[in-house]
Amino acid sequence: MPPTPPFVTPQQLSAAHQWRYAVKAFDPEAKLTDDQRHALAHTLQAAPSSYGLQSWHFVFVTDPEVKAELQPHSWNQPQITQCDTLIVLCRKTQIDETSTTEYMERISEVRGDSLESLDGFAGMINTNVMSQSATAKATHADHQVYLAMGFVLHAAAMLGVDSCPMEGITPAEYDRILNLTDQGYATVLALPVGIRSVDDPYLAKAKVRFPLDDVVQFV
């Protein structure tokens, strides 16, 4: 039997989110464990996406030479080379009815549903997503990658792993260096993860957020 919630207390959840911040300096000598790295990978695998299509791909970069090559295309931000692992979050570039078919086949494999019983679901996806323009489908896929980013940021905090989400990169250069275009993927975001440095000037700074009542409304 799978475990049942609650997995953490509300206090533990709040503490993890208060502890997390966008790290500006990682300790380059501090390393993640294999278990931590794989937990983040499994988190991304389990992330939510529209219709469950999972039109994405994630690259875990640990090679120092590759990270050094990516840094100039990341506004020269030092976290790129300081971090233990640089997670590059990508979208698929070919999203069409073949994607729907592959997804239906996976549902059938995992759940044992017949493909015929999934025709209605497949038709809805093809009507609502696959009939859109290439630009619209790419934007839709980008949005799903942002969902995955939020999911893994939360997981990292719960593991006590530091992170710094980044849009400040040149995606085309990431695609070139990581040979993503030929694989059918396009870079959307980068996420350095590792352990914060004791010299990070933001380490002791208070988290700045607007009051709860200003941003949350209970109806």
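Overview of results
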| item | result |
| --- | --- |
| Ranked packing of 187-197, 46-56, 29-39, most packed first, by mean Cβ within 10 Å | 187-197, 46-56, 29-39 |
| Summed residue charge, Cβ within 12 Å of Arg37's Cβ, Lys/Arg positive, Asp/Glu negative | -2 |
| Fraction of antiparallel bridges per DSSP, the chain only, in percent to nearest 5 | 95 |
| Size-normalised alpha-carbon gyration radius of region 1-92, reference 2.2 N^0.38 Å | 1.31 |
| Value of Rg to Rh for region 97-219 (Rh from inverse mean 1/r over Cα pairs, i.e. Kirkwood) | 1.08 |
| Value of [θ]222 nm, deg cm²/dmol, for the chain, DSSP H segments ≥ 4, -39500 (n - 2.57) each, nearest 500 | -12500 deg cm²/dmol |
| Spatially near lysine pairs across the chain, Cα under 21 Å, sequence gap of 8 or more or different chains | 5 |
| For region 152-159, Karplus couplings with θ = phi - 60° (6.51, -1.76, 1.60), whole Hz, Gly/Pro x | 6, 4, 5, 4, 4, 4, 5, 8 |
| Relative compactness, region 23-202, computed as alpha-carbon Rg over 2.2 N^0.38 Å | 1.13 |
| Sorted peptide list for 87-100, 202-215, criterion being average Cβ within 10 angstrom, highest first | 87-100, 202-215 |
| Cα centroid of region 66-83 to Cα centroid of region 93-133, whole Å | 38 |
| Degrees, to the nearest 10: 10-19 long Cα axis against longest axis of the chain | 60 |
| Sequence of Glu116, Glu105, Glu69 once ranked by neighbouring C-beta atoms within 10 Å, starting from the fewest | Glu116, Glu105, Glu69 |
| In degrees, nearest ten, helix 97-111 long axis to first principal axis of the chain (Cα) | 80 |
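Throughout, read-outs are computed from the coordinates displayed, never taken from laboratory work. Bear in mind that the values here come from a model prediction, so they are computed numbers and not experimental data. Quick reminder, even Gly has a Cβ in these numbers, built from the backbone with ideal geometry, and neighbours come from all protein chains shown.
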